[in-house]
1. May I ask you to sort 278, 217 by Cβ crowding, counting other Cβ atoms within 10 Å and putting the fewest first?
2. Give a residue-ordered list of calculated ³J(HN,Hα) values for the stretch 186-196 (Karplus: 6.51 cos²θ - 1.76 cosθ + 1.60, θ = phi - 60°; whole Hz; x for Gly, Pro).
3. Apply 1/(1 + (r/R0)^6) to the Cβ-Cβ distance of residue 45 and residue 87, taking R0 = 41 Å, and write down the FRET efficiency to the nearest 0.05.
4. Obtain the nm distance between the two label points defined at residue 218 and residue 204 by a simple spin-label model: each point lies 7 Å from its Cα along the Cα-to-C-beta direction.
5. Could you give the nm distance between label points at residue 127 and residue 267, where each point is 7 Å from its Cα heading toward the beta carbon?
6. For residue 244, enumerate residues with amide H under 5 Å from its amide H, sequence gap 5+ or separate chain, H modeled in the peptide plane.
7. Say each of residue 154 and residue 191 gets a label point 7 Å from the Cα, pointing the same way as Cα to Cβ; how far apart are those two points in nm?
8. If r is the Cβ-Cβ distance from residue 138 to residue 184 and R0 is 41 Å, what FRET efficiency results, to the nearest 0.05?
Amino acid sequence: MRIPGARSLFLLAVLTTGCDRIPFLHPTAESAVEAPLQGYVEGRYLYVASPLGGTLERLDVARGSNVLGGAPLFGLEAAAERAAIDAAQRRLDEARAKLADLEKGARDSEIAAHEAALAEAQASLVFSTAELKRQEELQVTADATPRDVEQARARRDADQERVKFAAAELATARLPARSDTIAAARENVAARVAELEQARWSVTQKSLAAPREARVFDTFYRVGEYVPAGRPVVALLAPEDIEVRAFIPEKRLAGLALQQEVEVSADGIAPIHGRVTFISPNAEFTPPVVYSASARAKFVIPIVITFEPEIAKTLHPGQPVDVRIGGGK
């Protein structure tokens, strides 16, 4: 007769006692707790770009530095835009001078000429009036013919018309230009003002500042490089733009609500609390990256090592190197 081995005895115990009496085959309350969600930290970057192109003239920030709201970030070459301001200012001054000239009427010298013409016409009228009177008196004594009287009267009437014309010319010269001409001049001034404002705006768009406090995540151009219009020069990451993207199983979605408080923990930091501010209407079959406990051990973090210029000259791009932490003096 064969004596049962240890494995046979164990199976016999399972059959006689029941699975519920074996601790590791029955889930405890602790093992029944739902596992935490897997996720990762994500940043929503603010890319600062100029709507105008130009050569990068200065870069006021470096990667990794912190900036306050309103701090200068970079400046593009703006000589053409500054020249456009000067040209627009000159055109505005000319338009304003023309409007002022139209509103105040003719120049003083022109008015003086019209006044002289009126005085000359009035003098001629005085003489022709006196001549007409003399001819009428001579006609009574038969020393003047009716023809002489008619000629004197015609000269007097002509002088009267000259006086009226000169007076009208003088009055017109003293008046401002016609209303439609002045209105057109005013519209021209307004257009020149808008042109000047546009030129000034173009200059401001060549030197941009941080819209709010943030960290400089990256810079994409160096001083001297040409930056096309609309291409970002600096990427900023503000604290309020840092968030955690996690993935919850569909069966646990019913227990989640917007503004619900959650706890977030990571290696090396104490647990923190946040609130759910977005629940996607679209489901994903798997997260884009699985941040499991076993996978985290395989992560590598890039570092950057810099050197003094004289030492850097001895290195060559693409040259393999070994780095030993703690090996320096």
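Every number here is computed from the coordinates shown, using simple stated rules; none is lab data. From a predicted model like this one, the values you see are computed outputs, not experimental measurements. Because the Cβ atoms are built from the backbone with ideal geometry, glycine has one as well, and the counts that use them run over all protein chains shown.
1. Details: 278 8, 217 17.
Fewest-to-most Cβ neighbours within 10 Å comes out as 278, 217.
2. So the Karplus estimates, Gly and Pro as x, are 5, 5, 5, 4, 4, 5, 5, 5, 4, 5, 5 Hz.
3. On the way: r = 38 Å, r/R0 = 0.93.
Once rounded, the FRET efficiency stands at 0.60.
4. Using points 7 Å along Cα→Cβ, the separation is 3.0 nm.
5. Taking the two extended label points, one gets 11.6 nm.
6. Close amide H contacts, sequence-distant or interchain: 42.
7. With each label placed 7 Å out from Cα toward Cβ, I get 5.3 nm.
8. Values: r = 59 Å, r/R0 = 1.43.
Between residue 138 and residue 184 the formula returns 0.10.
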